[in-house]
1. Using a cut-off of 11 Å between beta-carbons, work out the net charge of the residues near R217 (Lys and Arg +1, Asp and Glu -1, R217 not included).
2. Cross-link partners among lysines for K99, C-alpha distance below 28 Å, same-chain residues fewer than 8 apart left out?
3. Which of the listed residues, P404, W165, A341, is farthest toward the dipole's positive end in the chain, when Lys, Arg count +1 and Asp, Glu count -1 at the beta-carbon?
4. If you filter the range 305-410 for trypsin sites (Lys or Arg not before Pro), then keep DSSP loop positions with at most 10 other Cβ within 10 Å, what is left?
5. I need the trypsin sites (Lys or Arg not before Pro) found in the range 1-97, filtered to DSSP loop residues with at most 16 other beta carbons within 10 Å of theirs.
6. Considering only DSSP beta bridges whose two residues both sit in the chain, what percent are antiparallel, to the nearest 5?
7. Quick one: compute the contact order of the range 120-230, relative version, from alpha carbon pairs under 8 angstrom and 6+ residues apart, as a percent.
8. Rounded to the nearest 20 Debye, what is the dipole magnitude of the chain about its Cα centre when Lys and Arg each give +1 and Asp and Glu each give -1 at the C-beta?
Amino acid sequence: MTNRMWGGRFDAAPSELLRALNDSFSFDHELFAHDVEGSMAWAKALHAAGVLTPAETASMTAALSSLTPPSQAELDQHEDVHSFVESKLGERIGALAGKLHTGRSRNDQVATDLRLWLRAAADECAGLLTQLARTLAQLGLDEAGTPMPGYTHSKQAEPVTFGHWCLAYVAMLQRDLSRLLDARARGNECPLGSAALSGTPLPVDRDALAKSLGFDRATASSLDGVGDRDFAAEYLFTVSLLLSHLSRLAEDVIFFSSDEARYVELPDALATGSSRMPQKKNPDVLELVRGHAGRSIGEVTGMLALLKGLPLAYDKDLQLDKEPLFRTRRVVAAMLPALTALMAGLQLNRERMAGAASSDLLLATELADAMAARGVPFRQAHDIVSARIGEALKRGVTLRELGPSESITAADLEALDVRHALSKRAALGGTSPERVREAAQRALAILK
Ligand code: ARG
């Protein structure tokens with residue numbers, strides 16, 4: 001192991017047993033670019049504070065910007081990303097490298113790195129999420145008039161349009177996006193200058209330092225600055241709620257593509273086969289969305305459990321904050337584009353959907369509403385239609401085939417029409433093709 005940042009007061013070198021548990025470079029190397037970025041900003045702050053001469057600052061900054069990420073082989077040669085950067089800097093500029101850590105601690109350094117990372121991860125997620133939302137909004141616009149059965153309790157309930165189904169998920173995704181941007185804004189503060197816990201003793205303009213790294217401001221408390229991981233928990237929560245929404249979408253589409261429903265056909269390039277059953281075409285992408293949603297809930301609860309008992313300020317437990325974040329970002333980066341492509345490539349079996357949506361049973365509410373419209377109290381109309389349905393089911397015929405009765409007129413039966421039922425739902429937020437088209441256009445304008 002090269003460059004120990006802390007060996008002085010110890011008589012023995014770190015045991016391999018310690019290193020196996022304590023070293024974090026195998027995963028925190030993912031912070032490399034952010035560690036360099038933060039270090040360059042700190043070098044400038046050291047210059048402003050009179051610690052580094054202009055020449056020293058220039059050579060330190062140039063050396064930092066010339067560093068390259070670690071090779072695979074280097075990953076077990078360093079304790080963490082911070083000691084790696086400092087040791088590489090030493091190889092370039094010798095003892096001058098030792099001045100970089102003046103007035104700084106790995107505690108404020110890692111907190112800064114991670115907030116820089118969070119910003120990038122949030123931006124990446126926001127971009128991918130927006131693409132998915134846009135795809136769904138476009139699908140919503142294209143299919144604003146496509147009838148399909150709407151379900152409650154997994155039972156056919158009333159007709160809706162496929163576009164309306166799409167737009168429901170767009171609404172969820174828009175909230176997810178706004179939550180993500182809120183979390184990003186709250187996390188966009190700079191802990192650098194908090195040092196180990198009590199604040200740097202150097203005359204550093206922390207707000208200027210924060211701005212130089214693109215943060216909105218410096219964190220308010222040095223004790224909190226090194227120990228706060230709210231931003232990590234918020235990111236994980238935001239993503240887990242996003243994935244919960246996508247899991248519901250996946251669950252719906254799995255059903256829509258089932259052999260029983262056959263409302264949609266998945267694009268071949270985003271479906272999988274079976275090694276045993278030649279006929280199979282499986283919705284693995286959607287199942288993995290559902291699976292990852294479950295695991296991401298575990299990541300949030302894990303993070304909260306990690307944080308809940310920590311004494312102020314930095315504790316080594318916090319080293320374990322990173323892997324859940326890194327895993328989550330990788331999941332988002334793989335899942336969202338795959339799901340976007342799957343939704344864009346979905347083939348709709350419009351006839352089958354419209355056929356299912358036109359069943360008398362889904363339109364029973366329409367019949368009761370038609371009777372109510374000519375003055376029959378709705379409760380009574382509901383009873384009459386319900387009894388009529390019982391009779392139709394017993395005889396194995398439709399309500400239309402059963403025809404008018406004492407209480408149900410031929411004109412009432414005209415209400416058993418899916419297009420009519422859809423167009424009547426024209427109040428704001430309803431499933432009428434007109435409203436769905438407007439909602440899709442509104443969403444597309446926002447998601448531009
Ligand atoms: N590898 C550590 C982490 O990820 C860096 C901070 C170490 N600080 C310390 N006082 N040991 O949290």
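Read the figures in this text as sums done on the coordinates, not as results from a lab. Because the structure is a prediction, the values reported are computed rather than measured. Here the Cβ positions follow ideal geometry from the backbone for every residue, glycine too, while neighbour counts run over all protein chains shown.
1. Details: positive: R206, K211; negative: E189, D207, D216.
Taking every other residue near R217 into account, the sum is -1.
2. Cα-Cα hits under 28 Å: K44, K88, K211, K316, K322.
3. P404
4. R374
5. Of the trypsin sites (Lys or Arg not before Pro), the ones in loops of the range 1-97 whose Cβ has at most 16 other Cβ atoms within 10 Å are R4, R9.
6. 80
7. About 21 percent, as a whole number.
8. Values: 49 positive and 57 negative charges, 102 e Å.
Using only the charged Cβ atoms, the result is roughly 480 debye.
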